[in-house]
Amino acid sequence: MKGLVIIFHLVALGTLASSEKLNVLFICADDMNVDLGVYGHPQVKTPHLDRLAQRGVVFERAYCQQSLCGPSRTSVMTGLRPDETEILTNSNKMREINPDVITLGQAFRLNGYFSARAGKIYHYGNPSMIGTDGHDDPQTWDKKYNPIGMDRTQQEYITRYGRGRQKDNNLGISMAWWDPVSKDTDHTDGKVASKIIELIGQKKDEPFFLAAGFFNPHCPYVAPKKYFDLYPLDQITMQDVGEAKRDLEDVPPIALGRDLANWPYYFADITMYQARKCKQAYFATQSFVDAQVGRLMDALEKNNIFDKTIIVFWSDHGYFLGEKGLWYKRKAFERSTRVPLIISAPGMAKGERSNKPVELLDLYPTLMDLCGISVSSRLQGKSLRPLLSDPNAEKLDEASCHPGMVWQRCLGVFPAY
Ligand SMILES: [Ca+2]
């Protein structure tokens, strides 16, 4: 029990006056890999993330702590590794196991910030828990909002392939899509952005930590048709199944766990056409999220606070999308552990890219450092300020980027879907 481990968090009052404090806009995508224009992908269009990149630093080698929503998100919000939080699955026991932990949002609250979220920051069953608190931690926020859009309220229109199609509660682990002619704001993620935009307007004169938690591109891949139209199906290709199987020949059994015996598990009952259709839909949801990021940046500009706001864009883990015949995540390969991470901070580098390995674990200490908040605690990451100042600085030798440790411990524990 974590209760036996005493963790001291001493959060000192910030030294900056309220008017000088930097705001934080914390933007999270769910299951988003780096198949993005801003990361050089030849197809996926991300004009708004491109715009954010021009104002900040793109981290080319950013990795999650564990390639699963719950453990990764808990790690980000506590600043502790999954084997420290003991959240290694999508369980809802973060506070139960870590009663005294001070989360990222709590640290801001203790230092005079308004802390609020809309959508998924801690784990939510996606889409089953959309519109609820999910696995939230109330102590993290002053306010919380749970928008729900047509992707959830009209999910009977979603086309799904393969296993799990008979059960509504399995929609989040099936390959499924829908491209209704609709407005962005008819969808949950559009509503998440709208709520954060509203809060930006309301709170522009006080320091805020606002967290926008988007549910895309997690399956089911649902977005307005205009985003699907960006990716004609005849231009969507998949790795040949034989090639994918050969790609696994030198992979040790532990790396696939129980999936090895069932390979190609994720393609069971799925035709290549259906896989291409889902890949098209995944690309569409990537661009849909990108557009919402654009709306958030527009709101900062409209309220004239872009220059006093730190923006962090991240995803909880990556996604295979067909490589090695795998589709989702939960493995220690590059495709499911590497994440997009872009940080724009006043006074720091702009329009640059860093090739240094960093972890999502670093976000908590980075934000504390940038906001002038002193934290003495068991935060296990390190501040990325040196890289935000000089993106390829030779510092950070102490970077303890060894996320594979946790995944290997967990292989065989995960359910095999
Ligand atoms: Ca996720």
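The values are calculated or read from the model by the stated rules, or taken from the named source; none is laboratory data. On a predicted model such as this, the values are computed, not experimentally measured, just so you know. Here the Cβ is made from the backbone with ideal geometry for all residues, glycine too, and neighbour counts use every protein chain on show. Quick note on the areas: whole protein, heavy atoms, side chains included, nothing else; ligands and nucleic acids left out. Shrake-Rupley method; radii C 1.70, N 1.55, O 1.52, S 1.80 Å.
Checking the conditions here, which among ILE130, ILE87, ILE121 is of a type in the set (A, V, I, L, M) and without any contact (Cβ under 8 Å) to a residue 24 or more places away in the chain? None of the others qualify; the one that does is ILE87.
Quick one: would you say LEU13 is open to solvent by less than 10 Å² (accessible area, probe 1.4 Å) and either modelled with pLDDT under 95 or more than 16 Å from the ligand (Cβ to nearest atom) (or both)? For LEU13, the condition - open to solvent by less than 10 Å² (accessible area, probe 1.4 Å) and either modelled with pLDDT under 95 or more than 16 Å from the ligand (Cβ to nearest atom) (or both) - is not met. Within region 83-112, the residues that satisfy the criterion of being within 16 Å of the ligand (Cβ to nearest atom) and buried (at least 24 other Cβ atoms within 10 Å of the Cβ) are ILE87, MET94. Contact map, region 56-82: first residue within 28 Å of GLY351 (Cα to Cα) and within 12 Å of the ligand (Cβ to nearest atom), second residue polar (S, T, N, Q) and part of a loop (DSSP other than H, G, I, E, B), Cβ cut-off under 6 Å, separation 6 or more or different chains; pairs are SER72/GLN65; SER72/GLN66.
Filtered by the rule that a residue be part of a loop (DSSP other than H, G, I, E, B), open to solvent by 10 Å² or more (accessible area, probe 1.4 Å) and not aliphatic (A, V, I, L, M), region 314-360 gives TYR328, LYS329, ARG330, LYS331, PHE333, PRO346, GLY347, LYS350, GLY351, ASN355, LYS356, PRO357. Of the helices (runs of 4 or more DSSP H) lying entirely inside region 362-410, those containing at least 1 residues that are at pLDDT 95 or above span 363-370, 385-389. Among the residues of region 321-342, those identified as away from the ligand (no atom under 13 Å from the Cβ) and at pLDDT below 95 are LEU321, GLY322, GLU323, LYS324, GLY325, LEU326, TRP327, LYS331, ALA332, PHE333, GLU334, ARG335.
Taking first residues from region 309-324 that are small (Gly, Ala, Ser) and partners that are open to solvent by 10 Å² or more (accessible area, probe 1.4 Å) and away from the ligand (no atom under 13 Å from the Cβ), the Cβ contacts under 6 Å between residues at least 6 apart in sequence or on separate chains come to GLY318/ARG335; GLY318/ARG338; GLY322/MET238; GLY322/GLN239.
Yes/no per residue for (1) away from the ligand (no atom under 16 Å from the Cβ); (2) surrounded by fewer than 16 Cβ atoms within 10 Å (Cβ to Cβ):
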{"site": "GLY172", "(1), (2)": "no, no"}
{"site": "ASP186", "(1), (2)": "yes, no"}
{"site": "GLU198", "(1), (2)": "yes, yes"}
{"site": "GLU206", "(1), (2)": "yes, yes"}
{"site": "PHE209", "(1), (2)": "yes, no"}
{"site": "GLY213", "(1), (2)": "no, no"}
{"site": "VAL222", "(1), (2)": "no, no"}
{"site": "ASP229", "(1), (2)": "yes, yes"}
{"site": "PRO253", "(1), (2)": "yes, yes"}
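Looking across ASP179, ASP240, one residue alone is charged (D, E, K, R) and either in contact with a Leu (Cβ under 6 Å, 6 or more places away or on another chain) or at pLDDT 95 or above (or both). It is ASP179.
This table checks each residue for (1) in a helix (DSSP H, G or I); (2) buried (at least 24 other Cβ atoms within 10 Å of the Cβ).
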| site | (1), (2) |
| --- | --- |
| VAL34 | no, no |
| VAL38 | yes, no |
| HIS41 | no, no |
| LYS45 | no, no |
| ASP50 | yes, no |
| ALA53 | yes, no |
| SER67 | no, yes |
| ARG73 | yes, yes |
| VAL76 | yes, yes |
